[in-house]
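All remarks here apply to the structure that follows.
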Amino acid sequence: MNVNVVCPHCLKVNRIPKKESYAKANCGECKNSLLKSAPVSVDADKLGTFIANSDIPVVVDFWAPWCGPCLQMAPAFEEAALAMPLQAQFVKVNTDEEQALGAQYGIQSIPTLIVFKNGKEADRVSGAMDKSRLQNWVRQSL
């Protein structure tokens, strides 16, 4: 069985074999590793690409640079992303720069995290989380 994964570097959709873990997985287009899963900052177009084309859950952090809890959670979000390559795709939306996206998804407080699965919202939580709580929350959507 194969899964579609969007390359965080060039946004090309890659079809890869579904496995429990991966020793190596590179993008067919740009050749960058798909295992380097640091969170990617996205705008409306990029977010749409990830949500529409990913067979793995897309975890979106709606945040702002002035938000204390957002900045406090940022390292945990990055650590969770790096710990879960090809299990989930982690992306960040700066709600100051992407106000229309915040409005589109009804973001009323930040940080708000939304998991999209199969192109639809699967779960949502507001408030900062530590790495283990964040990973456990994401695993419920795998």
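The values are calculated or read from the model by the stated rules, or taken from the named source; none is laboratory data. Model, not experiment: these values are computed from the prediction. Cβ: placed from backbone, ideal geometry, glycine included. Neighbour counts: every protein chain shown. Each accessible area value is taken on the protein alone, full model and side chains, heavy atoms only, with ligands, DNA and RNA left out. Shrake-Rupley method; radii C 1.70, N 1.55, O 1.52, S 1.80 Å.
Quick one: net charge around Ala44, please, counting Lys, Arg +1 and Asp, Glu -1 for every other residue with C-beta under 13 Å from its C-beta.
-3
Counting each DSSP H run of 4 or more residues in the chain as -39500 (n - 2.57), what helix-only mean residue ellipticity at 222 nm follows after dividing by all residues, to the nearest 500 deg cm²/dmol?
Only helices count here, giving -8500 deg cm²/dmol.
For segment 1-74, just run the numbers: alpha carbon Rg, then divide by 2.2 N^0.38 Å, N being how many residues it has.
1.23
Order Arg124, Arg133 by their accessible area, 1.4 angstrom probe, all chains in place, largest first.
Per-residue accessible area, sorted high to low, gives Arg133, Arg124.
Could you check the spin-label model distance between Ala64 and Gln104? Points 7 Å from the Cα along Cα→Cβ, value in nm.
1.9
What part of the accessible area of the chain, given as a whole %, is carbon or sulfur when the probe is 1.4 angstrom?
It is 46 percent, rounded to a whole number.
Could you estimate the translational diffusion coefficient of the chain from the Stokes-Einstein equation, with Rh from the Kirkwood formula over C-alpha pairs, at 10 °C and 1.306 mPa s, in whole µm²/s?
So the translational diffusion coefficient is about 105 µm²/s.
Give me the count of lysine pairs in the chain whose alpha carbons sit under 12 angstrom apart, restricted to pairs 8 or more positions apart or on different chains.
Counting lysine pairs in the chain gives 4.
Which three semi-axes in whole Å describe the equivalent ellipsoid of segment 88-142, each the square root of 5 times a Cα gyration tensor eigenvalue, listed largest first?
Calculated on Cα positions only, the semi-axes equal 20, 14, 9 Å.
At 1.4 Å probe radius, can you tell me the per residue accessible area of segment 9-91 in Å²?
I get 50 Å² per residue for this part.
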